[in-house]
Amino acid sequence: MLSLVTMKERPDLEHERNALIVSSAEMKQDLKEIEDKILYRLTVSESIIDDIDLICTLEVLKTKSEEIKVKYI
């Protein structure tokens, strides 16, 4: 109901809202993929400290989580 009113009265706000929903879904998907990769690397890695791919993946996850915090806080 609110969406219908907003669409009629303020289509610009409805467009922005839709863009935020899509952006949020994309970020959640990105984080899920990174988390899956980390879990995979943790299970196959013999030495976590020497696993460069795992370390790089952790750095990417940290950066993405900071970006999400900035956008949604």
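The values are calculated or read from the model by the stated rules, or taken from the named source; none is laboratory data. Fair warning: this is a prediction, and the values are worked out from it, not measured in the lab. Methodologically, a virtual Cβ is constructed for each residue, glycine included, from the backbone with ideal geometry; neighbour enumeration extends over all protein chains shown.
Results, tabulated for the structure shown:
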read-out: Selection within region 21-73 - outside any helix (DSSP H, G or I) and surrounded by 11 or more Cβ atoms within 10 Å (Cβ to Cβ); value: S45, D51
read-out: Region 42-67 residues that are under 16 Å from L31 (Cβ atoms) and at pLDDT below 80, paired with ones that are of a type in the set (D, E, K, R) and surrounded by 12 or more Cβ atoms within 10 Å (Cβ to Cβ) (beta carbon under 9 Å, 6 or more apart); value: none
read-out: Considering residues of region 7-20 that are among the basic types (K, R) and either in a helix (DSSP H, G or I) or touching a residue at least 40 places away in the same chain (Cβ under 8 Å) (or both) only, the residue farthest from K71 (Cα to Cα); value: K8
read-out: Answer residue from region 1-20, given it is in contact with a helix residue (DSSP H, G or I) (Cβ under 8 Å, 6 or more places away or on another chain) and charged (D, E, K, R) and is surrounded by the fewest Cβ atoms within 10 Å (Cβ to Cβ) among those; value: R17
read-out: Members of region 21-41 that are among the acidic types (D, E) and either at pLDDT 85 or above or over 8 Å from the mean Cα position of the chain (by Cα) (or both); value: E26, E33, E35, D36
